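Trainee: Would you mind keeping the following structure in view while I ask a few things?
What follows is calculated from the coordinates using simple rules that are stated; it is not laboratory data. These figures come from a predicted structure and were not determined experimentally. Cβ coordinates were reconstructed from backbone atoms using ideal geometry, including for glycine residues, and neighbour counts include every protein chain displayed.
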């Protein structure tokens, strides 16, 4: 295939940081849904990490703004619709997704080829049973908030006793069969997370929408992925979506044949960008976009999606900031566009201690920028931050 002139790691990183609001924060007043959309979803298994991912990219935003976008307050009889939805996104993991993007996500994600099932045949839901469960979940959650136990009762009542069979080993107990379809219900638009009821998680149904056609949604998702994180290979897309590599290659072939994506040379390797999206920063512009100190929380979208991983985590960073090659298990100190340390924050009441472990010596300018980033962590979490530069003693995902 014909490739455009070679694109360097520095040029790709500078453009990614710019498009991710990491080179320059989004201005005050930018809707948090716009930031989440630019990231292609915000990993939210730990909600405080998601709040930091959005807040560290946006001037003036705090965790209250993120929660207000998820669960807006208003008239009890007619609450305003959310602009963000907390649900199951890429890889089946919990994400914050813009509500306006649900027609794409909820058509594309169920269309991704599945890998081999993890449950034996006597435990696994059949395709028909899974469809029944997803439909029952959507019906049960429409216009209300239910805990997992309350939702289970409704699902079993709408499907049959088989859905409630305790067949799934989980955390030294057994879960009912229907819970296998929980993430699929989220990816299909039948379920999202509501605000906690005390210490209990609740679920609701997101705003109703008309999904796109699955083929159209997949093509749009790939173009948006390449806009945010390109150049990227089919293998990069497969890793990001936890999809079979062969399936991703076939999808790239379809888009290439339709003229929607085009090949480039990326650090000597064939990769792809959106057709016509071949302008990358260079020279002083590239240096300005890369320069700076940034703190990225657990499973930040940039850490997960930016590839090749060995260039994002060079040398000692690959051993210190990754867990068996998996990104996201440690919050990362980014210096001039590459991982250069890890960090951890521990909150006590209205104060939080931000401990940062650099893997190299920081200049005076970088130390000042680090102090500003730590202070911003406190602002997002609505706490007063204290910066400590030293060893991070907690393990991965602590």
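Trainee: Compute the normalised compactness of the range 254-295: alpha-carbon radius of gyration over 2.2 N^0.38 Å, N being the residue count.
Mentor: 1.55
Trainee: Here's a follow-up. Restricting to the chain, compute how many DSSP beta bridges are antiparallel as a %, nearest 5.
Mentor: Close to 80 percent.
Trainee: Arrange the peptides 267-279, 60-72 so that the one whose residues have, on average, the most other Cβ atoms within 10 Å appears first.
Mentor: 60-72, 267-279
Trainee: Does the range 283-386 come out rounded, prolate or oblate by the C-alpha gyration tensor, with a ≥ b ≥ c the root eigenvalues, rounded set by a/c under 1.5 and, if not, prolate when a/b is larger than b/c and oblate if not?
Mentor: Oblate, because a/c is 1.5 or more while a/b does not exceed b/c.
Trainee: Something else about it: So what are the range 225-267's ellipsoid semi-axes, whole angstrom, largest first, if each one is the square root of 5 times an eigenvalue of the alpha-carbon gyration tensor?
Mentor: Working through the eigenvalues yields semi-axes of 15, 14, 9 Å.
Trainee: Once every Cα of the range 351-398 carries one equal point scatterer and solvent is ignored, give the base-10 log of I(q)/I(0) from the Debye formula at q = 0.31 Å⁻¹, two decimals.
Mentor: For the range 351-398, the Cα-only Debye profile gives -1.14.
Trainee: Pairwise over distinct Cα atoms, reciprocal of the mean inverse distance: report the Kirkwood radius of the range 123-188 in Å, one decimal place.
Mentor: One decimal place: 11.8 Å for the Kirkwood radius.
Trainee: For the range 198-334, would you read off the P(r) tail past 21 Å as a percentage of all alpha carbon pairs?
Mentor: Within the range 198-334, distances greater than 21 Å cover 54 percent of Cα pairs.
Trainee: Then there's this: Under a no-solvent Debye model with one identical scatterer per Cα of the chain, what's log10 I(q)/I(0) at q = 0.07, 0.13 Å⁻¹?
Mentor: Computed log10 I(q)/I(0) values: -0.34, -1.18.
Trainee: Rounded to the nearest 500, what is the 222 nm mean residue ellipticity of the chain from helices alone, with -39500 (n - 2.57) per DSSP H run of 4+ residues and division by all residues?
Mentor: After summing the helix terms and dividing by residue count, I get -11000 deg cm²/dmol.
Trainee: Which log10 I(q)/I(0) values does the range 43-178 give at q = 0.14, 0.16, 0.17 Å⁻¹ under the Debye formula, counting every alpha carbon as one identical point scatterer?
Mentor: Log10 I(q)/I(0), no solvent term: -0.86, -1.07, -1.17.
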